[in-house]
Each structure stands twice: as C-alpha cells, then as structure tokens.
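This report refers to the structure that appears directly beneath it.
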Amino acid sequence: MESFLRQAYGGKASQQLPRYTAAVEAFRGQYGAGEIFLFRAPGRVNLIGEHTDYNHGYVMPVALDKDVLLLARPRQDNLIRLCNVEPKYQPFSFEIEEEIPISARGHWSNYARGVAQNLAQRMANGSGKRLTGFDGLVSAAAPFGVPRGAGLSSSSALTVAAATALAHFNGWQPPVEEMVGLCSDAEWYVGTRGGVMDHFIAVMGKRDHALFLDCRPGQDGSYLTHHEPLPRAYSLLIVDSGVKHRNVGNDFNRRVAACRAGSGLLRAPFPQTTRLRDVEDIPWHEIEPYLPEEMTPGGLAAVGIELGDIPGITPETTLQVRSRCRHVWSENRRVQEAVKAMTAGDVGTLGRLLGEAHASARDDYEISCPEIERLVALLTASPGVLGARLTGAGWGGCVVALVENEAVEAVSRRVQEAYEAQTGIQPSVFACLPSDGAGLLAHINGRDG
Ligand code: GLA
C-alpha cells in the first residue's frame with residue numbers, strides 16, 4: 001500500500017497509512033472479502049480569480065491533499081450502495097436510472113444520485129443499456145478529508161470521486177470537459193450551481209502546481225488550461241475562519257445577477273459582450289459610465305435586458321452593478337498578472353496581487369466578513385507572509401496566504417493564538433500540499449492483505 005500512497009501524498013504518505021488500512025477493513029466488514037478499487041478526489045484552494053468563473057474569466061486553483069477517498073467494488077447489477085466511515089452519514093442505496101428520485105435536501109446521497117442519473121442519461125441514448133453499479137465506502141473524515149463548509153469544495157470532491165468510480169466501472173473515458181460537465185450537472189441536481197472551477201481542479205490538479213483555467217469554452221467545448229509551477233521556497237498556508245455562511249445561495253445569486261446585469265448593459269456600447277470577460281481589454285474608465293451603481297431586474301427589464309431565472313432574485317432585488325463588475329474586471333487582470341509573475345519567479349508581485357484581490361473582494365464584491373478580515377490582517381502583519389486573501393465563495397470559510405517555508409510554523413502558531421484570543425474561535429491552519437487530481441489509486445485484489 002505504501003508505494004501508491006507515496007505517489008499520492010509524497011512525504012505525508014505514512015500519516016495516511018492508518019486511514020487507508022482502516023477504510024479497507026471497514027469495507028470488508030461491510031461488504032465481505034474480495035477485490036477493492038481505491039479512488040480519490042481532492043478538495044481545492046483557489047489561489048486567485050474569485051467569482052470570475054461564471055463570467056467566463058480566469059481562475060487559478062490548486063488541488064489539496066485533503067480529499068475524499070472512495071473504496072468500491074463493481075456489482076453485477078445497476079445498484080449503488082454507499083456507506084461512510086462517519087456514522088452521521090447513513091448508508092443508502094439506489095438503482096442507476098435516467099430518473100433517480102432525489103433524497104432530502106442536503107442529504108449526502110444526492111451527489112452520487114446526481115452523477116449516476118446524469119451518466120445514465122448520457123450513456124443510455126435510448127439504448128436501454130444498464131449501467132454497472134458498485135458497493136462503496138467513503139472515507140473523508142478530519143484531518144484527511146476536505147473540511148466541510150469551509151469553501152474548499154468538499155462536495156465537488158465527493159461528486160468527482162463518485163463520477164470517477166462510475167466512469168471506471170462502465171468503461172467511460174471522457175475528455176476532461178465532459179467529465180467536468182457531468183459533475184457540474186450533477187450538482188445542479190443537488191440544487192447548487194457554481195461555475196466550472198471546482199470540478200476542473202478536482203479532475204486536473206497536479207502535484208506542486210496551480211491550474212490556470214480560462215473558463216470560456218471554445219467552439220468545440222474545450223477549455224484552455226495549463227499548469228503553473230508553484231514557487232518552491234514558499235507554501236500556501238490555509239487558515240479556516242470557522243465561520244460558515246448560512247445564506248450563500250441568495251448572496252451568491254445576487255452577485256451572479258449583478259454580473260449578468262453588467263454584461264447586458266455593456267452590450268449596447270460594446271456589442272461583442274456576452275459575459276463580463278468580453279470587456280477585459282477595455283479601460284475601466286470607458287466601461288464605468290455605462291454601469292449604474294444600483295439597478296433592479298425590473299428596471300433592467302424595462303430597458304429590454306432580461307437576466308433569466310436566478311433563484312432568490314425578484315424584479316425588486318437591488319443589484320450593485322458597478323462595483324460587482326469592477327471586481328470581476330480587475331480580478332481577471334490580476335489572474336493574468338499572477339501567471340506572469342509566477343512564470344518569472346516574481347513572488348513579491350504574486351503576494352501583492354493576493355492582497356489586491358482580497359481588497360477587491362472585500363470592497364467591490366463585498367464577500368468578506370469581520371473574522372476573515374482579522375485573519376487577513378494577522379497574516380499580512382506576520383513576517384514571512386507575502387500576501388493573503390479570502391478564498392472560495394466568501395462570507396466566511398478560509399484565507400490563503402503565500403508564506404516563506406521557514407516562516408510557516410511561526411506564522412501558523414501566531415495566527416492561531418491571536419485569532420483565538422480575539423474571536424474565541426480556534427482556527428484550523430494547514431500548509432497545502434498541492435496534489436494530483438482525481439483518479440484510481442490502486443486495485444487490491446481479494447487475496448492481498
Ligand atoms: C464557489 C463556486 C465556484 C466559484 C467560487 C467563487 O466555490 O462553486 O464555481 O464561483 O464560488 O470564485
């Protein structure tokens with residue numbers, strides 16, 4: 001077991017051994033002796049490029065070594081049975097069909113249900129062919145699993161893990177964008193819909209690299225991506241504020257609506273505009289006059305701009321059009337500058353860009369909160385920290401900081417102590433080990449120990 005663990009987790013492999021051994025034992029306890037396939041899918045931290053993906057802009061996420069581990073064994077029929085090492089996630093089973101009944105809102109089975117339904121629809125094509133199901137066990141408990149509700153894409157990791165197993169057992173070897181499409185449609189089944197970033201990085205992560213992703217699909221549906229090596233002498237430190245936002249849906253959707261309003265308004269002066277991405281080369285002072293500070297969907301409809309159906313948005317919802325668009329416009333530029341800085345090995349500039357991205361997220365996109373501000377302030381005031389910003393959707397969750405390797409321990413301790421003293425919340429802090437994307441790690445046949 002140790003050799004594939006070393007491949008997946010490098011120097012941290014031995015720490016993972018007890019987790020894997022326990023999962024194999026639990027699997028056998030549940031389903032009996034026989035072969036086991038081990039799949040994993042990582043969480044992610046977004047280095048820079050926040051709320052740009054659904055505007056067809058640029059992002060630069062990194063895959064974490066914190067992941068969802070899925071042990072599975074193919075079945076002779078189309079049943080999926082899943083259990084979890086954490087007893088609070090109850091076992092469930094369902095048949096893979098083109099219409100799979102959804103479970104209660106928020107139930108963990110919905111991610112697998114969504115993936116299975118979508119794959120059945122894609123593969124069946126009226127052929128009546130039944131897909132192969134599997135018996136599975138999920139191991140994603142702390143400290144190895146992706147922290148939940150922390151803006152590190154734990155649900156996308158679960159979705160991608162289930163999709164990877166199903167694809168494997170059914171001989172489906174799709175191009176990356178099809179796999180990503182399957183997974184993001186699956187989350188739509190669950191009731192959430194972000195952009196494409198989270199599934200892309202869960203699939204395409206690469207050890208020691210960030211993924212540059214241009215979120216605008218080409219005519220043939222493909223995306224422009226490349227891996228950018230992370231600076232060697234530095235670490236990405238992740239600090240979880242412990243604050244979970246309770247109303248992400250509505251706040252998130254208001255941002256989506258404001259961006260759509262902006263691109264709708266910019267279509268008259270700049271006719272090529274379908275998303276905010278399209279005005280990236282136009283100086284801000286030429287764009288700004290066309291964007292009111294506030295507008296409502298009702299007001300937009302009166303001038304012929306329809307936003308489409310966005311849950312939680314009514315004709316009267318006030319949308320902060322100008323500032324939201326300014327964030328997206330400037331963030332796209334920062335991602336491109338960040339790529340250049342990384343290629344040139346200019347870590348100072350990269351750190352500065354993280355700080356600027358944070359200020360824009362806080363002031364223009366208004367997705368920060370007091371606890372995140374404390375963390376960013378504590379981090380930026382610490383020696384050895386080049387820059388820090390909130391990461392993920394916002395309103396809580398995590399902060400990511402670029403830190404000199406030698407300073408990681410001291411910074412972690414200092415921030416932990418000061419944050420707890422100031423807020424009463426004990427933050428979890430860890431250095432990210434940028435890892436590979438989802439895949440099959442190993443196949444243990446029934447005879448192996
Ligand atoms: C959430 C969404 C992503 C992205 C981020 C913000 O994580 O799932 O697609 O929009 O927010 O950058």
Point to revise | Percentage of interatomic Cα-Cα distances in the stretch 250-346 larger than 20 Å | key: 38 percent
Exercise for review: Note the full-extension length gain between residue 440 and residue 232 as 0.36 nm times their separation in residues minus their Cα-Cα distance, in nm to one decimal.
Suggested key: 72.1 nm
Review point. Can you give the alpha-carbon Rg of the chain over 2.2 N^0.38 Å, where N counts its residues?
Key: 0.99
Study note, to complete from the structure: Listed with the fewest Cβ neighbours within 10 Å leading, 309, 53, 363 appear as 309, 363, 53
**Study point:** Among 316, 177, 337: highest mean-square fluctuation, GNM of the chain, C-alpha pairs under 10 Å
**Key:** 316
Exercise for review: Treating only the Cβ atoms of Lys and Arg (+1) and Asp and Glu (-1) as charged, compute the dipole magnitude of the stretch 47-185 about its Cα centre; round to the nearest 20 debye.
Suggested key: 380 debye
Practice item. Using a Förster distance of 30 angstrom, determine the FRET efficiency expected from the C-beta separation of residue 250 and residue 428, and round it to 0.05. Key: 0.65
Review point. By its C-alpha gyration tensor, with a ≥ b ≥ c as the square roots of the eigenvalues, how is the stretch 111-235 shaped: rounded for a/c under 1.5, else prolate for a/b larger than b/c, else oblate?
Key: oblate
Exercise for review: Taking a cut-off of 30 Å between Cα atoms, list the lysines near residue 88, but don't count ones fewer than 8 places away on the same chain.
Suggested key: 12, 66, 244
Practice item. Please find, in a Gaussian network model of the chain (springs between Cα atoms separated by less than 10 Å), the residue of 160, 239, 176 whose mean-square fluctuation is greatest. Key: 176
Check your understanding: Against the longest principal axis of the chain, how steep is helix 154-169, in degrees 0 to 90 to the nearest 10, with axes from Cα atoms?
Key -> 50 degrees
Exercise for review: Pop a pseudo-label 7 angstrom from the Cα along the beta-carbon direction at both residue 122 and residue 293 and give the gap in nm to one decimal.
Suggested key: 4.6 nm
Study note, to complete from the structure: From DSSP H assignment alone, runs of 4+ in the chain each adding -39500 (n - 2.57), the sum over residues rounded to the nearest 500 puts [θ] at 222 nm at -12500 deg cm²/dmol
Review point. Helix 408-423 versus the longest principal axis of the chain: what angle, 0 to 90°, nearest 10, using Cα atoms?
Key: 70 degrees
Point to revise | Alpha-carbon centroid distance for the pair the stretch 230-290 / the stretch 210-225, whole angstrom | key: 17 Å
Review point. With each pseudo-label sitting 7 Å past Cα toward Cβ, what's the residue 102-residue 284 distance in nm, one decimal?
Key: 3.9 nm
Revision key, fill the gap. Two pseudo-spin positions, 7 Å from Cα along C-beta at residue 420 and at residue 89, lie apart in nanometres by 2.8 nm
**Study point:** Cβ-based charge dipole, the stretch 250-346, positive-most Cα from 332, 295, 342
**Key:** 342
Study note, to complete from the structure: Other residues with Cβ under 11 Å from the Cβ of residue 436 give, with Lys and Arg +1 and Asp and Glu -1, a net charge of 0
Check your understanding: Hey, what angle do you get for helix 347-363 against the long axis of the chain, alpha-carbon based, 0 to 90 degrees rounded to 10?
Key -> 70 degrees
Exercise for review: Work out Dmax and Rg for the stretch 393-449 from the C-alpha atoms and quote the Rg first, both in angstrom.
Suggested key: 18.1, 55
Check your understanding: Going by how many other Cβ atoms sit within 10 Å of their own, how do 391, 21 line up, fewest first?
Key -> 21, 391
Exercise for review: Please build a GNM for the chain, connecting alpha carbons under 10 Å apart, and tell me which residue among 232, 333, 374 fluctuates the most.
Suggested key: 232
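Bear in mind these aren't lab numbers, they're just calculated from the coordinates by the rules spelled out. Just so we're clear, the structure is a prediction, and the values are computed from it rather than from any experiment. No Cβ is skipped: glycine too gets one built from the backbone with ideal geometry, and neighbour counts run over all protein chains shown.
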